[in-house]
Amino acid sequence: MRGARCRGHAVGFAAGSAAGFTLIEVLIALAISAVIAAAAYTGLSTVITGVESSRAQAERTWEVNRALMFLSRDLRAFADRPVRDEFGDIEPALQGGRAARFLLSFTRRGWHNPNGHPRSALQRVNYVLEDEALWRETYPVLDRAGDTEPLRVRLLDGVVDLRLAFLADVGALNPGGRGIEVDTRGWPENWVANTSDPGARLDPPVALEITLDLDDWGELRRLYVLPPL
């Protein structure tokens, strides 16, 4: 009987030992769990970073396309109509470049008037580079008074520079060496009236090239042909 009881106690002790974990086993399990958690976090972090980068790139693409859409839409609607500025001086239908008052300024048609206000369907538009941002300005009237203020819209940030080149005549057009590429190196960078002849009319160019230098994308070149007059 005594031997049987001893054997029973021994069996119970052995069963209890098999159901537990040693300290080393617990530490190994924790280490494996930590490695798995770290790998899962790294993978999740990579996915999140990729999603955020893709979202930022998509937003930037939308901003750049929006700015180019405004430029293209305005230039396609160009109208050969000079205006009078707030000082009483005549501004040509289109002028631009670093020598001009505004980087690019011109008159456009197609100013929608859904409410039927007594105003022209023509509109004066300025494009201005300020604090590495491209701004679009519009006026409520064509011929401005001294207190006429423009409506400003910030089109695009991160613009390091904006350069212009103008084509005066189709006869001065030089095709490039590759495909339909156009060589614009000889085009004048300013389109301004001759100050020595204040009464002379400045005819608009037939085309212009706009080069945007962005801090993240580098250079973007766009060639715009003005509508025939």
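The values are calculated or read from the model by the stated rules, or taken from the named source; none is laboratory data. Values in this document were obtained by computation on a predicted structure and should not be read as measured data. Positions of Cβ are generated from backbone atoms using ideal geometry, with glycine treated the same way; all protein chains shown enter the neighbour counts.
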*Looking only at the range 67-86, decide whether some residue is small (Gly, Ala, Ser) and at pLDDT below 95.*
no
*Which members of the range 66-101 meet the condition of being small (Gly, Ala, Ser) and either touching a Cys at 6+ places or on another chain (Cβ under 8 Å) or surrounded by fewer than 17 Cβ atoms within 10 Å (Cβ to Cβ) (or both)?*
Ser72, Gly88, Ala99
*Can you tell me which residues in the range 127-144 are in contact (Cβ under 8 Å) with a residue 60 or more places away in the chain and of a type outside the set (Lys, Arg)?*
Glu132, Leu134, Leu142, Asp143
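Every residue, every condition in (1) within 22 Å of the chain's Cα centre (by Cα); (2) surrounded by 11 or more Cβ atoms within 10 Å (Cβ to Cβ); (3) β-branched (Val, Ile, Thr), yes or no:
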{"site": "Val153", "(1), (2), (3)": "yes, yes, yes"}
{"site": "Ala165", "(1), (2), (3)": "yes, yes, no"}
{"site": "Ser196", "(1), (2), (3)": "no, no, no"}
{"site": "Gly199", "(1), (2), (3)": "no, no, no"}
{"site": "Ala207", "(1), (2), (3)": "no, yes, no"}
{"site": "Trp217", "(1), (2), (3)": "yes, yes, no"}
*With respect to the numbered conditions (1) loosely packed, with under 10 Cβ neighbours inside 10 Å; (2) modelled with pLDDT of 80 or more; (3) among the small types (Gly, Ala, Ser), which one is the sole condition not fulfilled by Gly20?*
(2)
*Somewhere in the range 51-65, is a residue at positive phi and either modelled with pLDDT of 95 or more or of a type in the set (Gly, Ala, Ser) (or both)?*
no
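Test Arg60 against the criterion of being in contact with a helix residue (DSSP H, G or I) (Cβ under 7 Å, 6 or more places away or on another chain) and surrounded by 14 or more Cβ atoms within 10 Å (Cβ to Cβ), and give yes or no.
no
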_Looking at Arg201, Arg163 in this structure, which one is touching a strand residue (DSSP E or B) at 6+ places or on another chain (Cβ under 7 Å), closer than 18 Å to Leu94 by Cβ and among the charged types (D, E, K, R)?_
Arg163
